[in-house]
Amino acid sequence: MRSRNKSEAKPTNLFHFPEITVDGFLVEKGDIIKVKDEWGMRFKFDSLVTNTKTGAQWVDCYEVDKMRSGCLRAFKLERIKRIPKRRKRARRATANTAS
């Protein structure tokens, strides 16, 4: 087998952060989110990306269709909406009939 030339990764100006805060709630990598003006689509959050040279920010996420990840898309931070996680159903209180 022939050996390959291994090269070092070039430095980049992009900084990836794996979590963001939306409306006071924490959204972590892998959480399902919605995007304003994208009707009927859900996305899986990947990271918040900041260009350290220009200061531009955007959100990278994957399209989700039938619980499978699709293509990578990027949106402005203002368009992101959080999908609330389902809470556990509260147990009904039963009144004691013994008197």
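Compute the FRET efficiency between ALA9 and ASP65 as 1/(1 + (r/R0)^6), taking r as their Cβ-Cβ distance and R0 = 30 Å, and round to the nearest 0.05. Please list the in-between numbers first.
Details: r = 32 Å, r/R0 = 1.06.
For R0 = 30 Å, the calculated efficiency reads 0.40.
Take the residue pairs LYS53/LYS81; LYS10/LYS81; LYS10/LYS76; LYS10/LYS53 and return only those whose Cα atoms are more than 22 Å apart. Before the final figure, lay out the partial values.
Working: LYS53/LYS81 27 Å; LYS10/LYS81 34 Å; LYS10/LYS76 26 Å; LYS10/LYS53 15 Å.
As for pairs spanning more than 22 Å Cα to Cα, those are LYS53/LYS81; LYS10/LYS81; LYS10/LYS76.
What dipole magnitude, in Debye to the nearest 20, does the chain give about its Cα centre under +1 on Lys/Arg Cβ and -1 on Asp/Glu Cβ? Each step should come with its number before you reach the end.
Details: 24 positive and 12 negative charges, 109 e Å.
Taking the Cα centre of the chain as origin, the dipole is about 520 debye.
Figure the gain on full extension for THR54 and ARG2 (residue separation times 0.36 nm, minus the Cα-Cα span) and round it to one decimal in nm. Don't skip to the end; give the middle numbers.
On the way: separation 52, 0.36 × 52 = 18.72 nm, distance 4.20 nm.
Gain on extension, THR54 to ARG2, equals 14.5 nm.
How many percent of all Cα-Cα pairs in the stretch 14-55 sit more than 15 Å apart? Mind dumping the intermediate values first?
Working: 433 of 861 pairs.
Cα-Cα pairs in the stretch 14-55 separated by more than 15 Å: 50 percent.
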In Å, the Kirkwood hydrodynamic radius of the chain over pairs of distinct alpha carbons? 16.7 Å
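Computed from the coordinates by the stated procedures, all read-outs in this text should not be read as laboratory data. Note that the structure is predicted; figures quoted are calculated from it, not measured. Because the Cβ atoms are built from the backbone with ideal geometry, glycine has one as well, and the counts that use them run over all protein chains shown.
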